[in-house]
Amino acid sequence: MTSILNLLPYIQLVLSALLVVAVLIQTSEAGLGSSFGSDGSSAGFRTRRGFDKVIFIATIIIAILFAAASLVSIITR
């Protein structure tokens with residue numbers, strides 16, 4: 001158990017880097033103009049498909065793992 005606790009900071013570092021990359025890879029089609037309603041063709045919602053869906057789900061999973069690692073780090077101190 002102590003070997004996992006010794007590796008925990010490195011695990012958090014890797015997860016945080018993966019989380020940043022996963023968030024930055026995601027596409028955003030909502031520009032500033034559509035925020036104010038100038039784009040009448042889209043309501044701001046779209047269905048995620050293919051690689052976009054995989055990245056979206058991976059981002060959620062990485063965020064949950066990072067939160068869990070952070071909680072374990074707080075509890076074991």
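A few comments on the model shown:
- Total residues in the stretch 1-21 satisfying the condition of being within 15 Å of I64 (Cα to Cα) and open to solvent by 100 Å² or more (accessible area, probe 1.4 Å): the figure is 1.
- Single match in R46, R77 (criterion: within 19 Å of the chain's Cα centre (by Cα) and at pLDDT below 85): R46
The values are calculated or read from the model by the stated rules, or taken from the named source; none is laboratory data. Source: prediction; values computed, not measured. Please note that ligands, DNA and RNA were not included when accessible areas were found on the heavy atoms of the full protein model with its side chains. Shrake-Rupley method; radii C 1.70, N 1.55, O 1.52, S 1.80 Å.
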